[in-house]
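Structure first, commentary second.
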Amino acid sequence: MSDTLPDRLSSDPNSPYFNAELIERGVGIRFKGAEKTNVEEYCVSEGWIRVSVGKAKDRAGNPMTVMLKGPVEPYLRDAEG
């Protein structure tokens with residue numbers, strides 16, 4: 001597998017942007033220069049991330065999320081070392 005990451009990636013298996021192979025390899029996200037560990041989905045070209053908000057769940061049992069806008073830098077955690 002190449003080390004290029006997609007423009008958009010989601011950790012939700014029901015999403016069309018889900019990629020199990022990349023999730024297993026470990027994708028890290030830097031948002032506005034800070035490391036984020038609770039990112040559910042990101043889009044580099046549109047400049048946003050979707051992060052979980054505490055332990056709250058919606059009616060379908062999915063984590064509640066909020067969209068934050070700013071520069072997004074995804075990277076592979078295993079390639080970082």
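A few remarks follow.
- Pairs with Cβ under 9 Å, 6+ apart, first in segment 6-25 and without any contact (Cβ under 8 Å) to a residue 24 or more places away in the chain, second outside any loop (DSSP other than H, G, I, E, B) and exposed (fewer than 13 other Cβ atoms within 10 Å of the Cβ): PRO13/ALA20
- For the residues GLU46, GLU24, GLU41, the requirement of being of a type in the set (Asp, Glu), at pLDDT 95 or above and either farther than 18 Å from MET64 by Cα or out of contact with any Ser or Thr (no Cβ under 6 Å at 6 or more places or on another chain) (or both) singles out GLU46.
The values are calculated or read from the model by the stated rules, or taken from the named source; none is laboratory data. Nothing here was measured: the structure is a model prediction, and the numbers come from that model. A quick note on method: Cβ atoms are made from the backbone with ideal geometry, for glycine too, and the neighbour counts reach across all protein chains shown.
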